[in-house]
Structures are given as structure tokens and as C-alpha cells.
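Colleague: To start, I am sharing the structure in question, which I have written as C-alpha cells.
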Amino acid sequence: MQVHPSQLVQGCMITQDVMGKTKRPIIPEHTVINPIHIKVLHNFKIQSVKVSSKLSNGSPFLPQEKAEGDKFSDSPSIEFSAFHEHYLETVKQYKQWFSLWQGGSPLDLKELRSAFVPLLQEALQAKREVFLLHHYSTEADYNEHHSVAMGLISGVLASTLNGNQGEWIQVGLAGLLSDCGMAQISETILNKEGPLNEKEYDEVKKHPTYSYRLVESTSSLNSRAKLAILQHHERLDGSGYPLGLNKEKIHLFSQIIAVSDMYHAMTSERVYRKKQSPFKVLEAILKEQFGRFDHHVIQAFVKEMTNYSAGTKVKLSNNQLADIIFVEPSIPTRPMVRLQEDGEIISLRDNPDIHIQEVFD
């Protein structure tokens with residue numbers, strides 16, 4: 001839908017770049033609106049912006065009454081994709097489920113499956129969008145977004161590694177439920193605005209065990225999925241938790257969830273931690289996580305994420321827009337690009353200080 005900046009509220013999601021007089025957007029698409037953004041829009045005298053019909057927490061967006069005297073042109077409305085609408089609705093449902101678990105209610109896996117599995121099936125048809133879900137979480141609603149996104153990314157990645165539908169559905173459900181045990185962590189710790197102390201962090205590190213106990217008796221999850229929930233913070237070099245297992249004892253499913261977990265966490269806005277560019281995170285995963293995660297899982301993840309073709313439009317970390325013209329398989333995160341501004345061709349392999357910020361299909 002298209003609204004005047006005075007009608008925006010915190011949590012609105014921009015669905016199209018807001019352009020000023022230059023070629024660079026004032027506010028890029030996928031931005032979750034905060035008060036500072038509204039102020040910027042007013043300062044630039046922007047008359048209308050295109051936003052999702054739902055807020056980042058999944059609630060319907062009800063535009064505020066337009067301020068008197070504000071200009072507004074009635075342009076055709078552009079709605080969010082059906083996949084994103086379904087995603088935000090599931091995030092809203094997860095928040096309700098989590099609240100019930102905090103009150104001691106058992107998991108209703110039948111209800112979870114009926115809401116999540118159709119969304120996962122849609123995600124397989126919208127893979128590029130799945131890897132951009134980090135745009136829609138904020139500090140306030142990070143946890144519920146993280147769980148749903150982790151389930152979707154894990155399921156999509158599992159489908160790439162294993163074509164068996166039953167298996168990737170199990171992995172997706174395991175990803176969705178990996179942090180359900182957080183419901184048994186004190187709300188004082190969950191809602192703490194400052195850094196956790198050592199004792200508090202030790203308590204948080206128990207959540208894989210709590211999650212496992214919540215799903216242990218359900219027959220709708222197989223033993224491998226349950227094991228993945230318990231092990232999703234274990235690392236091949238033995239540095240993980242809660243058991244400090246090494247490579248031989250860690251199941252592949254848990255590695256799929258672990259990589260998905262790390263990617264979404266690093267690219268999302270969190271308390272005391274700013275989000276990072278997806279492609280910068282991918283490079284960090286390739287360079288810095290060797291020996292901690294399964295090599296085949298990481299390679300499949302990076303391949304899926306960088307599955308773009310010549311002509312794909314991208315935004316670089318220096319805010320320049322460019323078109324990909326050649327992808328070298330050995331370094332897919334650093335293709336050769338043509339700058340849209342002046343047509344110059346540069347190789348990102350030879351420019352380590354520049355990386356891809358976003359991809360536009």
C-alpha cells in the first residue's frame with residue numbers, strides 16, 4: 001500500500017526504495033521503520049512511500065490519519081507478496097505459541113505443522129526471499145522472527161542437500177523448534193537490555209536441552225530431528241554446547257540448523273549488535289568458521305545464497321548500484337560487476353574492501 005510519511009508507525013516495512021534526487025535511495029526497500037526514518041522522510045519532503053500491509057511483528061498495519069495539509073497522490077497500491085504475508089502471520093502465531101509455552105502449555109505439533117509446513121513449501125518457490133528474511137526482524141521481535149526464519153532456511157538448505165521431502169520437513173520443524181526451550185528461561189534474562197553476565201549466559205546455554213525435553217515425547221518428530229534440536233549449538237571442534245561434542249557425535253541435521261542459525265543471527269538487528277551484510281557474513285562463514293561447521297553444509301549454503309546469474313542487479317557496500325556480469329565458481333561471493341553509474345567494470349575479488357550489500361532480482 002502507498003501512504004504519506006505522517007501515516008507511518010514504528011514497525012512498518014518499506015517495500016520499494018525511497019528515492020531522492022540522487023541515484024542512491026534515501027531509505028532502501030526492506031527497511032523496518034523507526035522514528036528516525038519518519039523524520040528523514042519529512043526532512044526530504046517525501047510525499048508517499050510504499051509499505052507492507054503488515055507490520056514486522058505480523059500485525060495488520062492500520063495507517064494513521066494523514067496530517068492536515070500534507071500532500072498525497074493516490075497512486076495504485078502495491079501489496080506485499082503472498083509468501084511474506086504468510087511468513088509474518090506465522091511469526092505472529094509463533095509469538096502466541098511461545099507465550100503458551102512460557103505458561104507451561106505443551107507443544108501442539110499438529111498445530112505447528114499445519115501452520116509451518118505450507119509456508120516451508122512456499123519458501124522452496126521463493127528461495128531468494130528466504131535468505132532476505134533478516135530484513136523484517138527488529139530488536140523488539142527478533143526472537144520470534146529468528147525461530148521462523150531458522151526453520152525456513154534450515155528446510156530449504158536440507159532440501160538442497162537431500163531431496164527427500166519427509167527429511168527436509170523434519171529439519172525445518174527442528175529449526176523452528178530449536179529455541180522453543182527459551183520459554184523456560186527467566187523473562188528477566190530474555191528481556192535484559194544490557195549484556196548478559198556469565199551466570200545468565202550459562203543459563204541461556206541450557207536452552208537446547210530445554211528444547212529437546214519439550215519435543216522428546218512427540219511422535220511427529222523423528223529421532224534425528226530431535227537430536228538436531230539438542231545439538232544445534234554444538235561445533236565440530238568441540239567448542240559448542242550444551243555437551244561439547246566433537247565431529248564424530250554431531251548429526252548432519254544439527255549442522256544445517258547451526259549454519260542457518262548463525263546466518264540469520266549475524267544478519268539481523270539485535271540488542272547491542274548491529275546487523276551485517278549477508279554477503280559479508282557469507283565470507284566470514286567461509287573464512288572464519290572452517291573446522292567448526294560441516295564443509296558440505298557451508299558449501300551448499302553459500303552456493304544457494306549466491307545462485308545469481310549475469311545481469312542480476314546488486315547494491316555494493318559503497319552504495320553503488322551494479323550488474324553482475326561474471327561469477328567465478330571458486331569465489332561466488334566476489335563476482336565481476338559493471339557499475340550502473342559510469343559503466344566501469346570491476347572485480348570484487350581484486351577489491352577486498354567492497355562487497356555485495358544486497359541483491360535485487
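The values are calculated or read from the model by the stated rules, or taken from the named source; none is laboratory data. These figures come from a predicted structure and were not determined experimentally. In this analysis, Cβ positions are derived from the backbone assuming ideal geometry, glycine residues included, and neighbour counts consider all displayed protein chains. Just the protein is used for accessible areas: all its heavy atoms, side chains included, with ligands, DNA and RNA removed. Shrake-Rupley method; radii C 1.70, N 1.55, O 1.52, S 1.80 Å.
Colleague: Within 10 Å of each candidate Cβ there may be at most 16 other Cβ atoms; applying that plus a DSSP loop requirement, which GluC sites (Glu not before Pro) in the stretch 119-169 survive?
Modeller: Values: sites: GLU122, GLU129, GLU139, GLU144, GLU167; in loops: GLU139.
Filter output for the stretch 119-169: GLU139.
Colleague: Kyte-Doolittle cut-off -0.5, length cut-off 24 Å along the helix's own axis using Cα: show which whole DSSP H helices in the chain pass. Each step should come with its number before you reach the end.
Modeller: Details: long enough: 82-102 (30 Å, -0.88); 142-161 (27 Å, 0.56).
Helices passing the filter in the chain: 142-161.
Colleague: I've got another one for you. Assuming R0 = 25 Å, can you tell me the calculated FRET efficiency for the pair ILE331 and ARG270, based on Cβ-Cβ distance, to the nearest 0.05? Spell out each step's value before the answer.
Modeller: On the way: r = 29 Å, r/R0 = 1.15.
Rounded to the nearest 0.05, the efficiency is 0.30.
Colleague: Here's something else I'd like to know. Compute the relative contact order of the chain as a whole-number percentage, counting only Cα pairs closer than 8 Å that sit 6 or more residues apart in sequence. Mind dumping the intermediate values first?
Modeller: Details: 612 pairs, mean separation 39.9, N = 361.
Averaging sequence separation for qualifying contacts and normalising by length gives 11 percent for the chain.
Colleague: At 1.4 Å probe radius, can you tell me the per residue accessible area of the chain in Å²?
Modeller: 48 Å²
Colleague: Moving to a separate point now. How long is the gain from HIS296 to ASN34 if the chain were fully straight, where each residue apart is worth 0.36 nm and the alpha carbon distance is subtracted?
Modeller: Gain in length upon complete extension: 90.4 nm.
Colleague: Between GLU65 and PHE83, what is the spin-label point distance in nm, taking each point 7 Å from the Cα along the Cα→C-beta axis?
Modeller: The two pseudo-label positions are separated by 4.0 nm.
Colleague: Under a Cβ-only charge scheme (Lys and Arg +1, Asp and Glu -1), can you give me the dipole magnitude of the stretch 71-190 about the Cα centre, in debye to the nearest 20? The partial results should precede the final answer.
Modeller: Values: 7 positive and 14 negative charges, 39 e Å.
I would put it at about 180 debye.
Colleague: Can I ask one more? Once the Cβ-Cβ distance between LYS249 and LYS303 is put in as r, and R0 is 25 Å, what FRET efficiency do you end up with, to the nearest 0.05? All intermediate terms of the calculation are to be shown ahead of the outcome.
Modeller: On the way: r = 27 Å, r/R0 = 1.08.
Here the calculated transfer efficiency is 0.40.
Colleague: Shifting gears a bit: Could you give the C-alpha radius of gyration of the stretch 135-206 expressed as a fraction of 2.2 N^0.38 Å, taking N as the number of residues it contains? If you can, show how the numbers build up before the last one.
Modeller: Values: Rg = 14.8 Å, N = 72, 2.2 N^0.38 = 11.2 Å.
That works out to 1.33 for the stretch 135-206.
Colleague: Just check the chain against the gyration tensor rule for me: Cα atoms, a ≥ b ≥ c as the square roots of the eigenvalues, rounded for a/c under 1.5, and otherwise prolate or oblate depending on whether a/b exceeds b/c. Mind dumping the intermediate values first?
Modeller: Numbers: a/c = 1.86, a/b = 1.28, b/c = 1.46.
Note, shape of the chain comes out oblate.
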